[in-house]
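Please read the structure below before turning to the comments.
The values are calculated or read from the model by the stated rules, or taken from the named source; none is laboratory data. Because the structure is predicted, anything quoted here is derived from the model rather than measured. No Cβ is skipped: glycine too gets one built from the backbone with ideal geometry, and neighbour counts run over all protein chains shown. Calculation scope for accessible area: heavy atoms of the full protein, side chains included, ligands and nucleic acids excluded. Shrake-Rupley method; radii C 1.70, N 1.55, O 1.52, S 1.80 Å.
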Amino acid sequence: MRESRPETLSTDPEPTWWEMALCVGLIAMLTGALIGPVFAPLQEETPLLRLVWLPAYAAIAGLILYRLDRVWRAWPAALCLAMLVGLCFASKYWSIDFHTTSRRVIALAISGVFALYLGAAFRGPHLPRLLMLSCLIMAVGSLVMVFAFPAIGVHQDVNAGLWRGLWYEKNQMGAVMVIGATASAACLASPDPRRLAPAVALALSSGLVLATQSKTSLLCLMLGVGVVAGFWTLRRGGAAFAVVAIWTAVVLSALGLWIWETHSVAVLEALGKDPSLTGRTDIWASLMRRVAERPWTGYGYGAFWGRMGESPPADWVRKETGWIVPSAHNGWIDLLVQLGWPGAILVGAQLLLTFVITLFRSAGSGLREGWWALGFLVSFFMLSLSESILLTHQSLPFVLFLAVMTRAMLPSSTAQAATLAPKPRRAYQTGPRIAAQSLNGQLRRPPFAVR
């Protein structure tokens, strides 16, 4: 008998159109696009802003239930998320603001569950394409705000004249556009023949990053897109080219580190930055003195940066620096003041583990997604050194990190397809092929056929 062929299964099933639409809206909300400037123009947390998130939480619950057959396989990433949420939850017992910590832990858990869904449902090239489309829409919206509503889209006081689009600050727009540019470059580097939208998104996102004049965003853009382009070039250049390219990259990296260690002041001045990084070094020095007071516990998750008069340690920082500091402008130091060294070590270990797994798995799956995950992780780490994006309760960069971690810890889609595919039937033949004989209207096999 002829051997049956296994059914062909798609290794990366595409999500439905309505899932894409819901996720585009949720991604925009996680960036704070337009919602913050409209509902909380003074950048304060208001009851109205919390109510706006209730439909989003309901949508996340619906998406999880719809894709529960995929999400449950993400249990290793769910355990890592549980450790983070558990530490944040425990911190409310020593937090300087019990209610704020309790409320933000809930928001962190819901955002984390959405990240598990993104990582499990949007496999392969579908997640970078979702991000590309989302950022393309937000880039067009930012251009509308800049030219039609400049009071919202352009800075009017501090950083006057610089573009901020749909967000409070130019750095927020820069970070979002870096994510969009990296995802767009990955779409162009993948085998997906649809090239027009990624090309337009890459051009718009890169242009908006330049319009912010944010040096950090520009550096992250170069790193994220550069990693994607580098892996694409290595694949096309062959083994000899790959060896030369890797050797060159190592030498240039070592040279860059040496220049930074010996001439950092001159480098900063060449970039238009003062040696204090616009006052950041003063903030960091003051915060490390607060960390020394509670090195192992911190001041509670999300509780340190209260309003003036509500957080004594934050008030000391603002008094020492001479201005109303809103955050640490460094994700790792912000972790230290919130959760102490255990929090920083836990997040650092998960980031390192995710990068290592992603790097090793990229040999097999990197081409399908255009090496997006590696480009994102590199730019995410660089951004964390300048912005407070680690373990934030409603923030796109950290949600995407958790989604990348989920994808890294899931079984490969190829392996899943092989497991789900029907097994080929065994051929019934032990010599010359003998036709089945009919007996009483029923088919029967020869008595010596192998079963």
In the stretch 283-298, how many residues are closer than 16 Å to HIS329 by Cα and either assigned to a loop (DSSP other than H, G, I, E, B) or under 27 Å from the mean Cα position of the chain (by Cα) (or both)? 3
Filter pass, LEU335 being in contact with a Cys (Cβ under 9 Å, 6 or more places away or on another chain) and surrounded by 22 or more Cβ atoms within 10 Å (Cβ to Cβ): no
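Quick grid of which residues meet (1) within 18 Å of ILE389 (Cβ to Cβ); (2) touching a residue at least 12 places away in the same chain (Cβ under 8 Å); (3) buried (at least 22 other Cβ atoms within 10 Å of the Cβ):
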residue	(1), (2), (3)
ILE179	yes, yes, yes
THR182	yes, yes, yes
CYS187	no, yes, yes
ALA199	no, yes, no
LEU204	no, yes, no
LEU208	no, yes, yes
SER217	yes, yes, yes
LEU221	yes, yes, yes
GLY230	no, yes, no
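What do you reckon, is THR297 more than 29 Å from VAL85 (Cβ to Cβ), open to solvent by 40 Å² or more (accessible area, probe 1.4 Å) and modelled with pLDDT of 75 or more?
On the way: more than 29 Å from VAL85 (Cβ to Cβ): no; open to solvent by 40 Å² or more (accessible area, probe 1.4 Å): yes; modelled with pLDDT of 75 or more: yes.
It is false that THR297 is more than 29 Å from VAL85 (Cβ to Cβ), open to solvent by 40 Å² or more (accessible area, probe 1.4 Å) and modelled with pLDDT of 75 or more.
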Say whether the condition of being open to solvent by 20 Å² or more (accessible area, probe 1.4 Å), in contact (Cβ under 8 Å) with a residue 12 or more places away in the chain and either basic (Lys, Arg) or in a helix (DSSP H, G or I) (or both) is met by at least one residue in the stretch 147-158. yes
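Filter the stretch 81-99 for residues that are in a helix (DSSP H, G or I) and under 26 Å from LEU351 (Cα atoms) and give the result.
First, pick out the residues of the stretch 81-99 that are in a helix (DSSP H, G or I): 81-93, 98-99.
Result: LEU81, ALA82, MET83, LEU84, VAL85, GLY86, LEU87, CYS88, PHE89, ALA90, SER91, LYS92.
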Only unsatisfied item for ALA303, checking (1) buried (at least 22 other Cβ atoms within 10 Å of the Cβ); (2) at pLDDT below 95; (3) within 23 Å of the chain's Cα centre (by Cα), is (3)
Quick check: anything in the stretch 50-59 open to solvent by 50 Å² or more (accessible area, probe 1.4 Å), of a type in the set (D, E, K, R) and in a helix (DSSP H, G or I)? yes
Could you list all residues from the stretch 112-134 that are closer than 22 Å to GLY375 by Cβ and either open to solvent by 10 Å² or more (accessible area, probe 1.4 Å) or not in a helix (DSSP H, G or I) (or both)? LEU116, PHE122, ARG123, GLY124, PRO125, HIS126, ARG129, LEU133
Any chance the stretch 377-390 includes a residue that's touching a Phe, Trp or Tyr at 6+ places or on another chain (Cβ under 9 Å), hydrophobic (A, V, I, L, M, F, W, C), buried (at least 21 other Cβ atoms within 10 Å of the Cβ) and not in a loop (DSSP other than H, G, I, E, B)? yes
